[in-house]
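Read-outs: derived from the displayed coordinates by stated rules, not from any lab. Since this is a predicted model, take the numbers as computed values, not measurements. Every residue, glycine among them, receives a Cβ derived from its backbone with ideal geometry; neighbour counts consider all protein chains shown.
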């Protein structure tokens, strides 16, 4: 997915789901300006999508900045024991182009000071290649190029790692690449693992039997059970012989990647299903929850949820959004961490839809005891009537049963995008307040906002994002509690 497709304008929302524990209110300070490398001219299009934390106050954020010559560079920001350190420019792999356009897409940490960030860059032959860059004992290495499957094309390659996750002493990553085929290359999915710091050669994902000759695979979400190394799931999509889009699920069990399986869609799916699985969380081995969208037989773009229970993926179900059944909700999910689980069967998710009046709104939904409840509309501050096309709920982080943090954004009465802070207890939501941006900034802009957040408790959260510092320049910011 391109940067523009993944951009989200979001804020931090505190959620306490029905049936969950009570949580102390999070007190967020004013956002702090993120320090970029010397000579930087802001973040490239406000791009700061990566945030991963090993523990409270020990995190890494990553994104793109523009250097003094206007070239795009990858940047790493480390939080160590609650303090953000000087930034690190990602050193592109040997053989990279003089302006490689290093673009991070995902990050994960196995322990404090031991993290990994993945993404893509351009080599000297104008191929787009996938990379991994590892942090060991607090020091970042030079990025290394991913060894692609044996059937990868040598020229005109377009490979990307989309997601990475770590559990115990192992990490896994997923993405896509161009494989040799006649009459032209095709996009396939790939998986790879790291044990003891050494990354394996990527392996092609075996697709379901109904995959077409040009499957155009996407594999963009990955989650691993937190206490078991090598038990992970990845989600995406593929095309059948009629170019219909199906949901794709790939499981890793005890460190071995299985063949991909087709997600069973809701019963009212259209003959052209247009299925997209957007976000995924796995709170335990063989237990996952994913959220996505599909087209119904009535031609409506609906949201869906699908769960893995004791190692078996169930059929997907339509998510009940807060609109009349006769209205097309045009459900939309940003593809960040739009679902999070604190334990098996206890999750939260969010996204965007259009209400009966045609206005863009955010939605929030809780899974309690294995049952997904009906979604509720995100309540907006006084004077605001819509989240806007680039608003809605984007990212969530659940730290206890029924207690989570999530992200959203809205358009204020003047038509400016604002990041929003909202609290709720036992499912009762109140209106939110704006995030206090650094300095005199008055809006997060179309390409800014809180991209991601991680909460260890109600009082221990870290968030990262970007804001509009001038008419054309975006800068990064961080938020940490307490």
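When the Cα convex hull of the stretch 141-235 is projected onto planes of every orientation, the mean area is 6.8 nm². Give me the Debye-computed log₁₀ of I(q)/I(0) at q = 0.25 Å⁻¹ for the stretch 261-358, equal point scatterers on Cα only, no solvent, two decimals. Here the Debye-derived log intensity ratios amount to -1.33.
Using Cβ counts within 10 Å as a stand-in for footprinting exposure, how do 194, 158, 141 rank, fewest first?
Details: 194 19, 158 16, 141 13.
Listed from fewest to most nearby Cβ atoms, that is 141, 158, 194.
Send over the Kirkwood Rh of the stretch 307-347, from the inverse of the averaged 1/r over different Cα pairs, rounded to one decimal Å. Averaging 1/r across every pair of different Cα atoms and inverting gives 13.0 Å.
In this simple spin-label model, placing a label point 7 Å from the Cα along the Cα-to-Cβ direction at both residue 151 and residue 206 gives a separation of 1.2 nm. Shape index of the stretch 195-236: Rg/Rh, with Rg the Cα radius of gyration and Rh the Kirkwood radius from the inverse mean 1/r over Cα pairs, equals 1.04.
Here the residues 246, 41, ranked from fewest to most Cβ neighbours within 10 Å of their Cβ, fall in the order 41, 246.
Place a point 7 Å from the Cα of residue 169 along the Cα-to-Cβ direction; which residues of the stretch 177-219 have their backbone N under 18 Å from it? So the set is 193-200. Along its first, second and third principal axes, ordered by size, the stretch 202-291 spans 40, 29, 17 Å in Cα coordinates.
At a threshold of 8 angstrom on Cα-Cα distance, excluding pairs fewer than six apart, so keeping six or more, what relative contact order does the stretch 212-330 reach in percent?
20 percent
Determine, for 360, 410, the number of other Cβ atoms within 10 Å of each Cβ, and report the residues in order from fewest to most.
Numbers: 360 19, 410 28.
Result, fewest neighbours first: 360, 410.
Could you work out how much longer the chain between residue 68 and residue 126 gets when fully extended? Use 0.36 nm per residue separation minus the Cα distance between them, nm to one decimal.
18.6 nm
The sum of -39500 (n - 2.57) across all DSSP H runs of n ≥ 4, divided by the residue count of the chain, sets its helix-only mean residue ellipticity at 222 nm to 0 deg cm²/dmol.
In nm², what is the average projected area of the convex hull enclosing the Cα atoms of the stretch 346-482? For the Cα atoms of the stretch 346-482, the hull's average projected area reads 8.4 nm².
How long is the gain from residue 30 to residue 242 if the chain were fully straight, where each residue apart is worth 0.36 nm and the alpha carbon distance is subtracted?
On the way: separation 212, 0.36 × 212 = 76.32 nm, distance 5.18 nm.
Contour length minus the Cα-Cα distance gives 71.1 nm.
Only one of the listed values, (1) 57, 55, 39; (2) 56, 55, 47; (3) 168, 70, 38, was derived from the coordinates as Cα extents along the principal axes in Å; which label is it? Label (1) holds the value from this structure.
When a/c is below 1.5 the answer is rounded, else prolate if a/b is larger than b/c, else oblate, so apply that to the stretch 110-173 with a ≥ b ≥ c taken from the square roots of the Cα gyration tensor eigenvalues. It is prolate, given that a/c is not under 1.5 and a/b is the larger ratio. Please report the spacing between the Cα centers of the stretch 31-56 and the stretch 110-166 in Å, no decimals. Distance between centres, Cα-based: 19 Å. The length gained by stretching the chain between residue 254 and residue 470 to full extension, at 0.36 nm per residue less their Cα-Cα distance, is 72.8 nm.
Based on a Kirkwood Rh over C-alpha pairs, give the Stokes-Einstein translational diffusion coefficient of the stretch 77-196 at 20 °C and viscosity 1.002 mPa s in µm²/s. Result for D is 143 µm²/s.
The relative contact order of the chain, computed from alpha carbon pairs under 8 Å that lie at least 6 residues apart in sequence, is 18 percent.
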